[in-house]
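The structure is given below, and queries will be raised subsequently.
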Amino acid sequence: MVKRLTNIIAGLYYGLFFFVPLILVPITSELFEFNKLILVYFVTIIIVSLWIAKMIIGKRILFRRTLLDIPILIFIATLVLSTLASVDIRTSIFGYYSRFNGGLLSIIAFAILYWAFATNMDINNIKKSINFLLASAVLVSIYGVLQHIGVDKDIWVQDVQTRVFSTLGQPNWLAAWLVAVMPITWAFAIRNLKKSSWIWILLSSLFFLTLLYTGSRSGFLGFATADLIFWVGAWKLVGRNILKYFLIINALLTLIALVYGTQFTPSISEFLKSKETSTSQESQVTTSVGPALEVGGTESGEIRKIVWRGAYELWKKYPILGTGVETFAFTYYNVRPIEHNLVSEWEYLYNKAHNEYLNYAATTGSLGLVAYLLLIVMIIVILIRESGIMNHELGKKNPISYSLLPTSFLAGFVSILVTNFFGFSVVPVSLLFFLYPAITVSLEQKSMRAEEHESRSLSQWQIYGIVILSTFTLLLFYSIAKYWYADYLYAKGKLENDSGNYVLARDFLDEATMLSSNEAIFWDELSQATTQIALSLYEEGDNNLAQVYAQKAIDESQESVQLSPANVNLKRTRASMFIKLSGLDNNYLINAKDTLVLASHQAPTDAQLMYNLALSYVRIGEVDKALSTLEKTVEIKRNYRNAWFGLALLHIDLGEKEKAIQELEYILENIDENDTLAKQELEELVK
């Protein structure tokens, strides 16, 4: 029985390595990360249950001690403390909604997977685990190449042909994961110098080509780092025997880079063309749809510097425990640099610091950052020690089959550290972050030992223990399934909302809030549907029922704000709700103004929020406050056309034509010389 349970645990790990990168479900609010993490939760629950069942049946504690035990426990302890002090505890536990990975629950799941692997897996399982990982990478890469060809170009909003993301959801995420996997193919290519290694060389080439198609600069830097570490380590372990493979693999990858171009260099065909043609084609390669910080481009570096400065300011403001695990999206507004208003993505919500280390500093403070760095250092120590790079006697034991795998894991792990410097971990990458060291420490386990022995029959207390364990497992399964289904209902409700089917949307969203009553964004979306129903009833002449639904919308919005008071965007939508409902009662305009005042206190440098506050002052007739607010708005965002135009219109109404002329001229001279409305108003004033 114990052996059978061990085999099932091994099979579950094979499934994790294979399916986590591949899975995506188009019926949930987030196609990729959400469903990958749900799969991790389900598999973790089963693995833990089987692991405990083994202990019950074997009548002994089964836990393999490793050097990472204490660093992982310290890391989790700091996250728990940060969560308890968080500005939004639910977000800290489950992760920011739409990102999910990185919350306390996900880190605990990955830590458990590490311990379970180290305890229950041996060298006989490792090759299969790696084969499943590589099989997944092959499928992911093939799909990525097909995306570049255009197989699904009409499905996505993004220009997926220019920057592929396959089944991982974002080009940088795909690049980070592929780069971490790629060194394994190099290890397999030279693990036995007497056999043909062409298949592994071809796989490496496929992965590298897909990496180029992602257009990820951070991914390419991660690849360069992994390549350097692996071949230096392999040279120290194997010596000149690897020279042939080093030359073949790197020459082939260089040829691919020359033919197709890289994120930093043009292709041969581009290089040979005239300068003008080359420049034109290069701009086509680097132009992408989406936020500049996410898709790269010349502007992304400047945006990153601004966001990083905001993260640093948060660290200074909350130096011990930070603002709470995964709360960057809420608290960045508090310290958002004014310069952020001047970049092209000034309206974009940054839910991560786009630097894993600064993100931990801002959200978990110095304690969390130090614990995270300690964990990284200890993982590197283990990978170096097990590879034998620093211990020639260990390397001589079995230099090819034993040492090159840890060396490849070391190279892949360090590549994750590089890509995380410019981004953040997603579920497939986090899985490798924790399981690469788990695989490494399990390499020395030749086979399962005395733990596998068991008695032929179960005692009564063992049966009771397994029944209780099964009950808890089913309860946890139900909780995760309910969490997933609530998101499915939320996604359907949001889709119906966007389509204008507000009654149907409200039905789905109402059910979602019943299943997950503490999810603030569910209540917020429900409030939006209810608001539209109230407006429709008012237009139909049913004023009484419209007032009833208006109050429901207000109550639902209030529930969302109370559940997540640090979330500035919930206050934005609440203010928008009051403005819409002002058609029923003008007094709601005062509520909108009050809500925006509260939001502006949380986001003092948000120009759009300031502009909307100014409009709310205009609506309730407080012109002086509107003027002063608009003046503050253009002070923090000098290129805000709407704010300048609003100032001009207010000055026209007040009879202050000279000021209005100056503001309209500013628009035409500094923002848009072809602004039709500004020209029209200016012509009227100078007649």
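Readers should treat all values here as calculations from the given coordinates under stated rules, not as data from a laboratory. Since the structure is predicted, the reported quantities are computational estimates derived from the model, not experimental observations. Cβ coordinates were reconstructed from backbone atoms using ideal geometry, including for glycine residues, and neighbour counts include every protein chain displayed.
Find which of 467, 651, 266 sits farthest along the positive direction of the dipole of the chain, computed with +1 on the beta-carbon of Lys and Arg, -1 on that of Asp and Glu, about the Cα centre.
467
Moving on to the next point. Using Cα pairs under 8 angstrom and six or more residues apart, how large is the relative contact order of the stretch 488-685, in percent?
Here the relative contact order equals 11 percent.
I would also like to ask the following. Can you compute the charge dipole magnitude of the stretch 596-668 about its Cα centre, using +1 on each Lys and Arg Cβ and -1 on each Asp and Glu Cβ, nothing else charged? Give it in debye, rounded to the nearest 20.
Charge dipole, the stretch 596-668, about its Cα centre: 200 debye, nearest 20.
Is there a quick way to get the dipole size of the chain? I mean about its Cα centre, with the Cβ of Lys and Arg at +1 and of Asp and Glu at -1; what is the value in debye to the nearest 20?
In debye, rounded to 20, the chain gives about 4340.
Convert each backbone phi in the stretch 536-542 into a coupling constant with the Karplus relation 6.51 cos²θ - 1.76 cosθ + 1.60 (shift: θ = phi - 60°), then list the ³J(HN,Hα) values in order as whole Hz, x for Gly and Pro.
Karplus values, whole Hz, x for Gly and Pro: 5, 5, 5, 5, 7, x, 8.
Report, to the nearest 10°, how far helix 356-387 tilts away from the longest principal axis of the Cα atoms in the chain, using its own Cα long axis and a range of 0 to 90°.
The answer is roughly 20 degrees.
Quick one: length gained pulling residue 601 to residue 70 fully straight, 0.36 nm per residue minus the C-alpha distance?
Values: separation 531, 0.36 × 531 = 191.16 nm, distance 4.13 nm.
My answer for the length gained is 187.0 nm.
Which is farthest toward the positive dipole end of the stretch 536-611 among 607, 587, 562, measuring Cα position about the Cα centre, with Cβ charges +1 (Lys, Arg) and -1 (Asp, Glu)?
607
Compute the label zone of residue 672 within the stretch 328-355: residues whose backbone N is under 20 Å from the point 7 Å along Cα-to-Cβ.
Correct set: 341-348.
Please give every one of the aspartates and glutamates within straight-line cross-link reach of residue 305, meaning a C-alpha to C-alpha distance under 18 Å, and leave out same-chain neighbours fewer than 8 residues apart.
Leaving aside aspartates and glutamates fewer than 8 places away in the same chain, those within reach of residue 305 are 294, 313, 339, 345, 347, 356, 606.
OK, next. Roughly what angle does helix 460-499 make with the longest principal axis of the chain, taking Cα atoms, 0 to 90 degrees, to the nearest 10?
40 degrees
Distance cut-off 32 Å, Cα to Cα: go down the list 3/36; 494/679; 153/679; 59/128 and report the pairs above it. All intermediate terms of the calculation are to be shown ahead of the outcome.
Values: 3/36 28 Å; 494/679 40 Å; 153/679 41 Å; 59/128 29 Å.
Over 32 Å Cα-Cα: 494/679; 153/679.
Quick one: if the Förster radius is 30 Å, what FRET efficiency do residue 543 and residue 156 give, using the C-beta to C-beta distance and rounding to 0.05?
That pair, residue 543 with residue 156, gives E of 0.10.
Let me ask another. Mind computing the radius of gyration and Dmax over the alpha-carbon atoms of the stretch 488-685? Å is fine for both.
19.4, 59
What angle do you read, to the nearest 10 degrees and between 0 and 90, between the alpha-carbon axis of helix 676-685 and the longest principal axis of the chain?
Value to nearest ten degrees: 30.
Once phi is turned into θ = phi - 60°, what whole-Hz ³J(HN,Hα) does the Karplus curve with 6.51, -1.76 and 1.60 give for every residue of the stretch 218-234, x standing for Gly and Pro?
Going residue by residue, I get 5, x, 5, 5, x, 4, 4, 5, 4, 4, 5, 5, 5, 6, 5, x, 5 Hz, with x marking Gly and Pro.
Please list, by residue number, every one of the trypsin sites (Lys or Arg not before Pro) in the stretch 160-225 that is coil in DSSP and has at most 12 other beta-carbon atoms within 10 Å. Let's see the in-between values first.
Working: sites: 163, 191, 194, 195, 217; in loops: 163, 191, 194, 195.
Loop-located and lightly packed - 194, 195.
Taking the simple approach of a point 7 Å from Cα along Cα-to-Cβ for both residue 269 and residue 421, what is their distance in nm?
Distance between the two pseudo-spin positions: 3.4 nm.
List the relative contact order of the stretch 422-579 as a percent without decimals, with contacts defined as Cα pairs under 8 Å and 6+ residues apart.
15 percent
Also: How high is the FRET efficiency from residue 317 to residue 77, r the C-beta distance, R0 25 Å, rounded to 0.05? Provide the component values of the computation, followed by the final result.
Working: r = 23 Å, r/R0 = 0.91.
Efficiency at R0 = 25 Å is approximately 0.65.
What percent of all Cα-Cα pairs in the stretch 1-112 falls in each 5 Å bin, counting up from 0?
In whole percents, the pair-distance histogram is 2, 11, 16, 18, 19, 16, 11, 6, 2, 0.
Which FRET efficiency, nearest 0.05, do residue 342 and residue 228 yield, Cβ-Cβ r, R0 30 Å?
0.20
Also, quick follow-up: Expressed as a rounded percentage, what relative contact order does the chain have, with Cα pairs under 8 Å and six or more residues apart?
15 percent
With θ set to phi - 60°, apply the Karplus curve 6.51 cos²θ - 1.76 cosθ + 1.60 along the stretch 68-76 and write out the HN-Hα couplings as whole Hz, x wherever there is a Gly or Pro.
Result, ordered by residue: 8, 4, 5, x, 5, 5, 5, 4, 5 Hz.
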